[in-house]
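Trainee: Below is the structure I would like to discuss, written out as structure tokens.
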Amino acid sequence: MGERVPAVGALNGKRIAVIGTGALGAPLAIELARNGASELRLLDHDLEPGNSIRWPLGAAVWGKYKVLALKQYIDQHYPSCQVEPFVHQLGGTQELQIDDEVLEKILRGVDLIIDASASHGINRLLWDHGQRAGLPLVHLGATPDVTGGTVVLHTPDGGCPVCLQWHREEAQASIPSPPGADSTDLIQPPGCTERTFKDADYDLQELSLQAMRVAVGVLSSGKTRSESTVYTLALRDEHGGAMPPAWETSALPPPPHCPCMHERTRNEDANSADEPEVPQHM
């Protein structure tokens, strides 16, 4: 099977953590398994029937936790990929210590972290864990009205989520915000306790597929690229009309005043202090 698609050979032997297995993370997890990832560690906490309108698995898994349903599907269709599910809600009502314990388990020994949680707080938390472990992080998310979205590759030496916000809001706006970034166009369906966006899965899949390309690219490079990169998606033109998916690529360097620069220095100092002193021979 690998001979048919040599480009994805980089996934062989790789362990990947996927945080968030909703309409973005679940299709991506299936693609990773289909294309040869050796181990997936999946974290999420729910599955509601209404989600299935944008979820890759349908009525047969209603009432099952997302990560358990995905494990069952991948075990059946792509048995060479080992799936370890984590039924957990980061930032939930439990003690934060439990979050740390779960993240320690799910991130131990992985080659790549993927954040499909749609949460700015979790994105920052995962960047912090990845930066300390020297791991690349791929983040993907859509705007509320799904007229655009972003896929971001954060590297240990590149810009962080705060850097991205700064580049978007500076006077030059060196990195564009995706269309709909300021939208509050959400709906609350009858019988649902939470608001949700209202667009379809075929637009969201553009983000999942680009995240797949980025994951294969960073794992194929043999070493982590030094520069973080932002891929900005537009699905609507300036008049709000539908258009073919258009991507814009931007470098994400860390500005010198970003707190992440000081955090890197602290981590480097801590790592140096942990290294045993090499005896000097005269």
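The values are calculated or read from the model by the stated rules, or taken from the named source; none is laboratory data. All values reported here derive from a predicted model rather than from experimental measurement. Positions of Cβ are generated from backbone atoms using ideal geometry, with glycine treated the same way; all protein chains shown enter the neighbour counts. Please note that ligands, DNA and RNA were not included when accessible areas were found on the heavy atoms of the full protein model with its side chains. Shrake-Rupley method; radii C 1.70, N 1.55, O 1.52, S 1.80 Å.
Trainee: Looking only at the range 186-208, which residues are open to solvent by 70 Å² or more (accessible area, probe 1.4 Å) and at pLDDT 90 or above?
Mentor: Gln205
Trainee: So which residues in the range 136-157 are within 19 Å of Ile16 (Cβ to Cβ) and touching a residue at least 60 places away in the same chain (Cβ under 8 Å)?
Mentor: Once the filter is applied, which keeps residues that are within 19 Å of Ile16 (Cβ to Cβ) and touching a residue at least 60 places away in the same chain (Cβ under 8 Å), the range 136-157 yields Pro136, Val138, Leu140, Gly141, Val151, Val152, Leu153, His154, Thr155, Pro156.
Trainee: Just to be sure before I move on: is Gly63 open to solvent by less than 40 Å² (accessible area, probe 1.4 Å) and on the phi > 0 side of the Ramachandran plot in the structure I sent?
Mentor: no
Trainee: Something else about it: Could you go through the range 114-122 and let me know if any residue there is open to solvent by 40 Å² or more (accessible area, probe 1.4 Å) and farther than 27 Å from Met243 by Cα.
Mentor: There is at least one residue in the range 114-122 that is open to solvent by 40 Å² or more (accessible area, probe 1.4 Å) and farther than 27 Å from Met243 by Cα.
Trainee: When the range 1-36 is examined, which residues are found to be polar (S, T, N, Q) and farther than 16 Å from Val67 by Cβ?
Mentor: Asn12, Asn35
Trainee: Sticking with this one: Tell me, which helices (runs of 4 or more DSSP H) wholly within the range 50-141 include 3 or more residues that are touching a strand residue (DSSP E or B) at 6+ places or on another chain (Cβ under 7 Å) and closer than 23 Å to Pro259 by Cβ?
Mentor: 120-133
Trainee: Any idea which residue in the range 162-185 is nearest to the chain's Cα centre (by Cα), counting only those that are assigned to a loop (DSSP other than H, G, I, E, B) and either of a type in the set (Val, Ile, Thr) or modelled with pLDDT under 65 (or both)?
Mentor: Ile175
Trainee: Which of the residues that make up the range 28-49 are open to solvent by 20 Å² or more (accessible area, probe 1.4 Å) and not in a strand (DSSP E or B)?
Mentor: Answer for the range 28-49, where residues must be open to solvent by 20 Å² or more (accessible area, probe 1.4 Å) and not in a strand (DSSP E or B): Glu31, Arg34, Asn35, Gly36, Ser38, His45, Asp46, Leu47, Glu48, Pro49.
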